[in-house]
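The values are calculated or read from the model by the stated rules, or taken from the named source; none is laboratory data. From a predicted model like this one, the values you see are computed outputs, not experimental measurements. Here the Cβ positions follow ideal geometry from the backbone for every residue, glycine too, while neighbour counts run over all protein chains shown.
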Amino acid sequence: MERKKVLGFWDLALFSFCAIFGIEAIAASAAIGPSAIFWWLVCLVGFFLPFSLISAELGSAYPDQGGVYIWIKKAFGARWAARAIWCYWIALPLWLPAIYIAIVQILSHMFFPGLALWPQIAIGVILIWFSVVVNLCPLKFSKWVPNIGSVARFLVIAGMIAAAVLYFLKNGNFANAITWANILPDPNAAIIFVPMIIYNLLGCELVSGAAGEMKDPKKDVPRAVIFSALIIAFFYVITTVTVWVVVPVADINVASGIFQMFAIAFEGYGAVQSILVMTGLLISFALFAEIVAWNLGENRTVAEAACNGELPKVLGKVTAKSQAPLGASIVSGVISTAVIIVYGFIARNSSELFWHIVSFSLVVELFTYLMLFPAFVALRKKDKDIERPYRVPGPQWLVIFLAVMAELFIVMAMAILFLQPGHGLIRSALPLIVGVFITLAAGETFIVTSMRKRKECHA
């Protein structure tokens, strides 16, 4: 069935902004201190710039449903593409429960102080299946969730800038001294910060997963990806600085830093409680919209691989009318539900274990990006004559250098996550390595079985 073309430029730009700009990362990056500016700039220039340009070129040159799956398949074949997309997709339901719990904790703090863990988990499960329902709606409707989620993010950003200006006008100074000396890099901060910042810059390729439902992907994908990337880079730096203006670095709470800055900036004003509630609601919806955006992109991508017989058929089932990814959405919901319930049993005495799950899911997802940049270089050489409405500017050697540089950032982030510097090998690194091995082995089993069945059907 022909897919309906419902995504235009602004849909793609807002989708990308909603998926990539992680509002939950702002306080955590601010807590690093002013040296975070250095690491932001390094990662933005060394990773995000080439990543966005490369994604823009690939999205315009290969405007097919499936995005990164199609790119890797054309470069390295079906089996490697299936491996990449398995890693890409399975990581999503493993780390999403952390976002659901964050949403529930914000809402419970505002409306149900002291809410017990299991009621929080019950609300999280409801949110999981609500996001599944949104994913199964026609894209002309479901696209509005990330679109409105982007607006919610802009409102929070505007509020943060206003809070910083108000604080400075009231006090005449910043809560922290921001000088060239303290902006200089802290090597110890890099160990924590580089993987986190790379994680919060992923997603430039995501919108191409729905290329078959775009009005003009060759024209709109590169414009939307580059436009949103510039806005994201600017706002990551600006919002980090606004937190420093208001909250002393030593006092920044990585979980509630944005609320802290609003409480401090608007202290003495009668509307401060209303402002905090409104901020909490906007952040909660922005986080939910981020979940929906990733689900919309990744479930469509894995469905393409499954429809081609390279992953289990159940992941390729789609709704009859809107061609929404029915199988992938439901299976993802089941996995997320299982993970969040398991979290309920371990959180009281071993919350660290849940962080291990989140860490290894990030490592698993990074395997996809490990293949994306070599795929780009391979396709530049393999498909020299293909029409490329947008090309990464510069000579071939510079383009390859940008791809290699982005690849090195992925390798560095994976190495830091694997080695867990400062933590014991047995306690931290080994569980992560075992988890990654099991996940990759399960994926390989599914791929081999699915491709064998496909071969038998065509025999």
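Among residues of the range 365-387 being modelled with pLDDT of 90 or more and of a type in the set (Lys, Arg), the one that is surrounded by the fewest Cβ atoms within 10 Å (Cβ to Cβ) is LYS381. Every condition in (1) of a type outside the set (Val, Ile, Thr); (2) in contact (Cβ under 8 Å) with a residue 12 or more places away in the chain; (3) within 14 Å of ALA375 (Cα to Cα); (4) surrounded by 22 or more Cβ atoms within 10 Å (Cβ to Cβ) is met by TYR88 except one, and the failing one is (3). If you filter the range 1-34 down to residues that are of a type in the set (Gly, Ala, Ser), surrounded by fewer than 23 Cβ atoms within 10 Å (Cβ to Cβ) and within 16 Å of the chain's Cα centre (by Cα), you find that the one that is farthest from MET196 (Cα to Cα) is ALA13.
Out of the residues in the range 239-250 that are in contact (Cβ under 8 Å) with a residue 60 or more places away in the chain, assigned to a helix (DSSP H, G or I) and of a type in the set (A, V, I, L, M, F, W, C), which is farthest from TRP39 (Cα to Cα)?
Only one residue tops the list, namely VAL246.
Quick check: is even one residue across the range 167-181 under 18 Å from the mean Cα position of the chain (by Cα) and farther than 30 Å from VAL302 by Cα? No, that holds for no residue.
Considering only the range 12-21, I want to know if a residue exists there that is out of contact with any helix residue (DSSP H, G or I) (no Cβ under 6 Å at 6 or more places or on another chain), at pLDDT below 95 and farther than 30 Å from VAL342 by Cα.
no
Yes or no, residue by residue, for (1) farther than 30 Å from TRP294 by Cα; (2) among the basic types (Lys, Arg):
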{"position": "VAL156", "(1), (2)": "no, no"}
{"position": "PHE168", "(1), (2)": "yes, no"}
{"position": "ILE183", "(1), (2)": "yes, no"}
{"position": "ALA211", "(1), (2)": "no, no"}
{"position": "LYS219", "(1), (2)": "no, yes"}
{"position": "PRO222", "(1), (2)": "no, no"}
{"position": "ILE226", "(1), (2)": "no, no"}
{"position": "VAL241", "(1), (2)": "no, no"}
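For the range 433-459, filtered to residues that are within 18 Å of ALA306 (Cα to Cα) and at pLDDT below 85, the residue that is nearest to the chain's Cα centre (by Cα) is ARG454. Would you pick out the residues in the range 66-78 that are assigned to a loop (DSSP other than H, G, I, E, B) and under 20 Å from the mean Cα position of the chain (by Cα)? Those that are assigned to a loop (DSSP other than H, G, I, E, B) and under 20 Å from the mean Cα position of the chain (by Cα): GLY66, GLY67.
Results for (1) under 16 Å from LYS218 (Cβ atoms); (2) out of contact with any helix residue (DSSP H, G or I) (no Cβ under 9 Å at 6 or more places or on another chain); (3) part of a helix (DSSP H, G or I), shown as yes or no for each residue.
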| position | (1), (2), (3) |
| --- | --- |
| ILE26 | no, no, yes |
| ILE32 | no, no, no |
| ILE37 | no, no, yes |
| TRP40 | no, no, yes |
| CYS43 | no, no, yes |
| PHE48 | no, no, yes |
| SER55 | yes, no, yes |
| LEU58 | yes, no, yes |
| ASP64 | yes, no, no |
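For the range 202-238, taking the residues that are charged (D, E, K, R) and outside any helix (DSSP H, G or I), the one that is farthest from PHE47 (Cα to Cα) is identified as LYS215.
How many residues are crowded, with 20+ Cβ neighbours inside 10 Å, at pLDDT below 85 and polar (S, T, N, Q) if we restrict to the range 97-152? The total comes to 0.
Go through the range 9-57 and count every residue that is within 22 Å of LEU408 (Cβ to Cβ) and acidic (Asp, Glu). Of the residues in the range 9-57, 1 are within 22 Å of LEU408 (Cβ to Cβ) and acidic (Asp, Glu). Consider VAL339 carefully, then state whether it is at pLDDT below 90 and either of a type in the set (Ser, Thr, Tyr) or surrounded by 21 or more Cβ atoms within 10 Å (Cβ to Cβ) (or both). Taking the combined requirement at face value, the residue satisfies it.
Sub-8 Å Cβ pairs linking a first residue in the range 42-67 that is polar (S, T, N, Q) to a second residue that is assigned to a loop (DSSP other than H, G, I, E, B) and surrounded by 24 or more Cβ atoms within 10 Å (Cβ to Cβ), at least 6 apart or interchain, are SER52/CYS204; SER55/CYS204; SER55/GLU205, ordered by first then second residue. The set of residues in the range 385-399 that are farther than 16 Å from ALA61 by Cβ and either in a helix (DSSP H, G or I) or in contact with a strand residue (DSSP E or B) (Cβ under 7 Å, 6 or more places away or on another chain) (or both) comprises TRP397, LEU398. Restricting attention to the range 224-255, the residues that are more than 30 Å from ASP11 (Cβ to Cβ), surrounded by fewer than 17 Cβ atoms within 10 Å (Cβ to Cβ) and within 24 Å of the chain's Cα centre (by Cα) total 3. The set of residues in the range 42-69 being of a type in the set (Val, Ile, Thr) and surrounded by fewer than 22 Cβ atoms within 10 Å (Cβ to Cβ) consists of VAL42, VAL45.
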